[in-house]
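Read-outs throughout are calculated quantities, based only on the coordinates presented, and are distinct from any laboratory measurement. Small disclaimer: the values here were computed from a predicted structure and weren't measured. Methodologically, a virtual Cβ is constructed for each residue, glycine included, from the backbone with ideal geometry; neighbour enumeration extends over all protein chains shown.
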Amino acid sequence: MKIIAVIVLAITFLASCSSMKQGSPPLTGKVFSQVSGKWDMVGNSGFCKSGTDIEEIRFSNDNRTAYFGRPIPPIDDEGNPISSYTYQVLYNDENSITMIVNGEDRLTETGDRMVWVLIMIDSDHFTWRATHWNMDARSQLIMKRCEN
C-alpha cells in the first residue's frame with residue numbers, strides 16, 4: 001500500500017511539473033520604455049551632438065534582448081570598431097535591468113560571467129553596477145537621456 005501511495009504521489013508531482021510553463025517569467029515593466037532611447041555621458045562636451053559615447057538603446061518585443069548602438073563606434077582592444085552589441089536580459093525590477101553582454105569573455109575574479117545591472121537613477125539618468133561589486137558600488141559613469 002505504501003509503495004502505491006509513493007507511486008501516485010510521484011506521478012502527481014511529475015504531472016504538475018510538466019504542466020508548469022517552461023522558461024523564464026515575462027520581462028515587463030515601465031523600466032524598458034524608460035531605458036529605450038538615446039543617451040550620452042553626463043559632462044560630455046558636445047552633449048548628445050556627437051561622439052562615441054552616444055548610445056541608442058532598444059529592446060526586442062519580449063524584452064529578452066537589449067540592443068545598444070552607437071553612431072560613432074568605439075574601438076575594441078584589437079583595434080576593431082564596435083558599432084553595436086547586445087545584452088541578454090536576465091531579469092528586471094521597477095528601476096533596474098540585469099543583463100549579460102552577448103559574446104563577452106571577461107570573467108570575475110571567481111571565474112563567473114560578468115553580470116551587469118543598469119540602474120535608473122531617475123527618468124533621465126542611469127548608471128551601471130556589476131553584480132560582483134559591493135552592493136552599494138556604482139560606476140562613476142552616469143548617462144543622461146538626450147532630448148529627441
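Annotation: amide H-H contacts under 5 Å for residue 115 (H modelled 1.01 Å from N, sequence separation of 5 or more, or interchain): 131, 132.
Report the FRET efficiency, 1/(1 + (r/R0)^6), for residue 90 and residue 42, where r is their Cβ-Cβ distance and R0 is 22 Å, rounded to 0.05.
So the FRET efficiency works out to roughly 0.25.
Paramagnetic label reach from residue 114 (point 7 Å along Cα→Cβ; backbone nitrogen cut-off under 13 Å): within segment 124-148, residues 128-133, 139.
Under a Cβ-Cβ cut-off of 14 Å, what is the net charge of the residues other than residue 93 that fall near it, where Lys and Arg count +1 and Asp and Glu count -1?
Taking every other residue near residue 93 into account, the sum is +1.
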